[in-house]
Amino acid sequence: MPFSSLSLELQQREADGLLRRRRVLQSPQGVRVRMDGEDVLSFCSNDYLGLASHPALVEAACAGARRFGVGAGASHLVSGHTAVHHELEQKLAEFTGLPAALLFSTGYMANLGIITALLGRGGTLFADKLNHASLNDAALLARARMMRYPHGDLAVLERQLAASTARRKLVASDAVFSMDGDIAPVPELLALCEKYDAWLLLDDAHGFGVLGKNGRGTLEHFSSLLAPRPSRIIYMATLGKAAGVFGAFAAGAPELIAWLVQAARSYIYTTATPPLLAAALLESLRIIAEETWRRERLAELVDVLRGGLKSQRWRLMPSETPIQPLLIGSSQSAVRASENLRQRGILVPAIRPPTVPQGTARLRITLSAAHSVADVRQLVDALQQLENE
Ligand SMILES: *Cc1c(COP(=O)(O)O)cnc(C)c1O
């Protein structure tokens, strides 16, 4: 069967302004990167704390490689679970204030593993409409029923929970929504889960390291969730964003973690991540906890951006996190704005459907503790000029 039908689809995407392209980075990740041969100021990455190319992490990775080599060589259940993976899991549990933690290779795989291990055909996943794709894909793979509720609409969620006769109920939500930057109403979600005896899976990919005074994430952000942490919470976070490295983990009750080791297929049937990454992550956790200035800087930069952008046509969406989306509307306009910024040496991605709902294409501005106030002012000035053109 020839692939010509695919070329037609590709052409259609191009015509609709939806064709995705990769850009080639010739430098380490950072706020100033060399991309496709040009030096640009980047507001693109999820490296919120500026740790992805931090010398102390690089050094820890090298030391980890010297001690454990580069490859894990096997899955965790066979012979790939090294002492440094084990130590990292203990440190992650301590850091998040939860009883136990389990490392996964990626956040995508963690969500697949958690949801398929907990829900089968008789289970129902209740999901915010703006949840990350991996949570939705997981429900399909689990063959569970999926009920989606409008973004943040707790009244609809409550009706769905009340009407459900599912054997197992799992409410899943991004803790910080990846394309909007707003924070989920976690205490209210938890109260509903308690009332209707459901589990609560919090995907804190964008809160871990960023929220809370000590960077412990969304659970620290909401003081009502401080220790002892409610035992029906399944906490999941990624380690490739603010933590600056790679990987993800689940944390929660000891029985939960023990069950995931038995039943999470994306944990069992895959090679353990290189132990050198776990070594780098131990260093990352130390910096996240100690260097509170990184979160203070982020808060200051959010203020500079929101205070500086007196936009008429385009609107910054409500967000107190380093994800600061500027709503544009049509995909073509968003792409054009992104290209115009690029010509001014500034990199901000246009996020289009199907990643976000139709008609809500946006510039997804992300801030990093490695940005200076002057960097953000440069972005504000450029956006202001674009609007007036
Ligand atoms: C990035 C992201 C993931 C996936 O994590 P990876 O480690 O990149 O696979 C999962 N959930 C959310 C909300 C994310 O933003």
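The values are calculated or read from the model by the stated rules, or taken from the named source; none is laboratory data. The structure displayed is predicted, hence computed values, not measured ones. Reconstructed Cβ throughout: ideal geometry from the backbone, glycine too, with neighbour counts over all protein chains shown. Note: areas computed on protein heavy atoms with side chains; ligands, DNA, RNA excluded. Shrake-Rupley method; radii C 1.70, N 1.55, O 1.52, S 1.80 Å.
Observations on the model:
- Test for residue 302: is it closer than 26 Å to residue 23 by Cα, at pLDDT 95 or above and not hydroxyl-bearing (Ser, Thr, Tyr): no
- The single condition among (1) closer than 27 Å to residue 215 by Cβ; (2) touching a Leu at 6+ places or on another chain (Cβ under 8 Å); (3) part of a loop (DSSP other than H, G, I, E, B) that residue 319 does not satisfy is (2).
- Counting only helices (runs of 4 or more DSSP H) that sit wholly inside the stretch 86-196, those with at least 2 residues that are surrounded by fewer than 19 Cβ atoms within 10 Å (Cβ to Cβ) and within 11 Å of the ligand (Cβ to nearest atom) are 133-142.
- Some residue of the stretch 23-43 being at positive phi and either open to solvent by 30 Å² or more (accessible area, probe 1.4 Å) or part of a helix (DSSP H, G or I) (or both): yes
- Within the option set 347, 379, 367, being within 20 Å of the chain's Cα centre (by Cα), more than 26 Å from residue 13 (Cα to Cα) and among the hydrophobic types (A, V, I, L, M, F, W, C) holds for one residue only, 367.
- Answer residue from the stretch 371-389, given it is closer than 17 Å to residue 33 by Cβ and not in a helix (DSSP H, G or I) and is least open to solvent (accessible area, probe 1.4 Å) among those: 371
- Qualifying position, being at pLDDT 95 or above and in a strand (DSSP E or B), among 202, 211: 202
- For the stretch 1-22, filtering for residues that are open to solvent by less than 90 Å² (accessible area, probe 1.4 Å) and within 30 Å of residue 52 (Cα to Cα) leaves 2.
- Breaking point among (1) open to solvent by less than 20 Å² (accessible area, probe 1.4 Å); (2) within 16 Å of the ligand (Cβ to nearest atom); (3) in a helix (DSSP H, G or I), for residue 249: (3)
- Residues that are among the hydrophobic types (A, V, I, L, M, F, W, C) and within 14 Å of the chain's Cα centre (by Cα), drawn from the stretch 105-138: 109, 110, 130, 133, 135
- Restricting attention to the stretch 344-370, the residues that are open to solvent by less than 30 Å² (accessible area, probe 1.4 Å) and among the basic types (Lys, Arg) total 2.
- For the stretch 266-299, residues that are more than 16 Å from the ligand (Cβ to nearest atom), farther than 16 Å from residue 210 by Cβ and assigned to a helix (DSSP H, G or I) total 7.
- Apart from one condition, residue 254 fits all of (1) within 16 Å of the ligand (Cβ to nearest atom); (2) open to solvent by 10 Å² or more (accessible area, probe 1.4 Å); (3) over 22 Å from residue 135 (Cα atoms); (4) touching a strand residue (DSSP E or B) at 6+ places or on another chain (Cβ under 8 Å); the exception is (1).
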